[in-house]
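What follows is a single structure, written as structure tokens, with notes after it.
The values are calculated or read from the model by the stated rules, or taken from the named source; none is laboratory data. Predicted model, so just to flag it, every value in this text is computed and none were measured. Here the Cβ is made from the backbone with ideal geometry for all residues, glycine too, and neighbour counts use every protein chain on show.
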């Protein structure tokens, strides 16, 4: 059976505070082609006392192209063992629910560590490789990503690397280099408009990518941002289509690569998170359909 092209996927952030079961129902009611449920919501269902069989029954017929995430993948020393255990646990969950991929990210995922480093202040937060030479950052990330990819392959999973705009390796070019140097055929790149925009990448950079490198798109908007460290909680507190990112321009750039797989939408609008999840889901679906399939 041929998989539908340009599938519209409901991301768990659209209705951030509702449980997994509501995401599933919103996706079905509105007409999304699948969900990106997040580790948090999947584990939340199981941690509440439901069985794996009950989880699978609720997910019957639901496409899950992937979910996230494994964070801070450059971790070394004793933390590297923790990283691999986290990765294996996530991969087992993905295999259980029939997901095709898992999102991975370099760190530090906590932007407060980046802010403290920039100010020269002490912090007990995980700092990753802040302040290290770029090639050392790349080498450590490549080493770990290769290990993680080999483990993911045992579960028939793809990894998709998302550049995080406040981290040292925040550019598309950095992440393409990491993927190429890893030398694994199950690693891809996901394009997130907000992270690209706040890292200083442009639609032209995206349009030059190979479609074979891509797996997933996060359509996302932003408040105005000029320079400095992007603070996600502030900049992403905006309704989709109301911010400064030209969503059509970025979507057209992705399309220019020939990419026609799945598309998601991340939303961190505090107002939307307090609204009716079905109404917000319908509005997100309407905008996504117009952008991607219009």
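Filter the stretch 32-58 down to the residues that are closer than 21 Å to residue 217 by Cβ and either part of a strand (DSSP E or B) or touching a strand residue (DSSP E or B) at 6+ places or on another chain (Cβ under 8 Å) (or both) and list them by number.
Scanning the stretch 32-58 gives 32, 33, 34, 35, 36, 37, 38, 39.
Based on what the data block shows, is residue 84 surrounded by 15 or more Cβ atoms within 10 Å (Cβ to Cβ) and touching a strand residue (DSSP E or B) at 6+ places or on another chain (Cβ under 8 Å)?
On the way: surrounded by 15 or more Cβ atoms within 10 Å (Cβ to Cβ): yes; touching a strand residue (DSSP E or B) at 6+ places or on another chain (Cβ under 8 Å): no.
No; evaluated as a whole, the condition is false for this residue.
Might you check whether a residue that is in contact (Cβ under 8 Å) with a residue 24 or more places away in the chain, surrounded by fewer than 21 Cβ atoms within 10 Å (Cβ to Cβ) and over 30 Å from residue 272 (Cα atoms) occurs anywhere in the stretch 160-172?
no
For the stretch 203-220, how many residues are closer than 12 Å to residue 251 by Cα and out of contact with any strand residue (DSSP E or B) (no Cβ under 8 Å at 6 or more places or on another chain)?
Qualifying residue count for the region: 3.
What number goes with the only condition from (1) within 30 Å of residue 58 (Cα to Cα); (2) out of contact with any strand residue (DSSP E or B) (no Cβ under 9 Å at 6 or more places or on another chain); (3) not in a helix (DSSP H, G or I) that residue 126 does not pass?
Only one criterion is unmet by residue 126, namely (1).
For residue 144, all conditions in the list (1) in a helix (DSSP H, G or I); (2) surrounded by fewer than 18 Cβ atoms within 10 Å (Cβ to Cβ); (3) within 21 Å of the chain's Cα centre (by Cα); (4) touching a residue at least 60 places away in the same chain (Cβ under 8 Å) hold save one; what is the number of the exception?
Failing condition for residue 144: (2).
Being closer than 29 Å to residue 119 by Cα, modelled with pLDDT of 95 or more and either in contact with a helix residue (DSSP H, G or I) (Cβ under 7 Å, 6 or more places away or on another chain) or buried (at least 21 other Cβ atoms within 10 Å of the Cβ) (or both) is the requirement here; does residue 187 meet it?
So residue 187 does not fit the description; no.
Say we look at the stretch 256-265 and pick out the residues that are crowded, with 17+ Cβ neighbours inside 10 Å and more than 21 Å from residue 31 (Cβ to Cβ); which of these is farthest from the chain's Cα centre (by Cα)?
If we take residues in the stretch 256-265 being crowded, with 17+ Cβ neighbours inside 10 Å and more than 21 Å from residue 31 (Cβ to Cβ), then 257 is farthest from the chain's Cα centre (by Cα).
Checking residue 226 against (1) under 18 Å from residue 65 (Cβ atoms); (2) at pLDDT below 95, which test does it fail?
Here residue 226 meets the rest and fails (1).
Given 61, 68, which one is modelled with pLDDT under 95 and outside any helix (DSSP H, G or I)?
Values: 61 fails: modelled with pLDDT under 95.
Of 61, 68, the one residue that is modelled with pLDDT under 95 and outside any helix (DSSP H, G or I) is 68.
Being assigned to a helix (DSSP H, G or I) and within 25 Å of residue 241 (Cα to Cα) is the requirement here; does residue 176 meet it?
The answer is no for residue 176.
Hey, among 282, 286, which residue is over 21 Å from residue 66 (Cα atoms), free of Cβ contacts under 8 Å to residues at least 12 places away in the same chain and not in a loop (DSSP other than H, G, I, E, B)?
286
Determine the pairs where a residue that is without any contact (Cβ under 8 Å) to a residue 24 or more places away in the chain and on the phi < 0 side of the Ramachandran plot, located within the stretch 107-126, has a partner that is part of a helix (DSSP H, G or I) and buried (at least 16 other Cβ atoms within 10 Å of the Cβ) with Cβ atoms under 8 Å apart, the partner being 6 or more residues away or on another chain.
Final answer for the pair search is 122/116; 123/113; 123/116; 123/117; 125/113; 125/116.
Out of the stretch 205-236, which residues are free of Cβ contacts under 8 Å to residues at least 60 places away in the same chain, surrounded by 17 or more Cβ atoms within 10 Å (Cβ to Cβ) and in a loop (DSSP other than H, G, I, E, B)?
Those that are free of Cβ contacts under 8 Å to residues at least 60 places away in the same chain, surrounded by 17 or more Cβ atoms within 10 Å (Cβ to Cβ) and in a loop (DSSP other than H, G, I, E, B): 209, 220, 221, 222, 225, 236.
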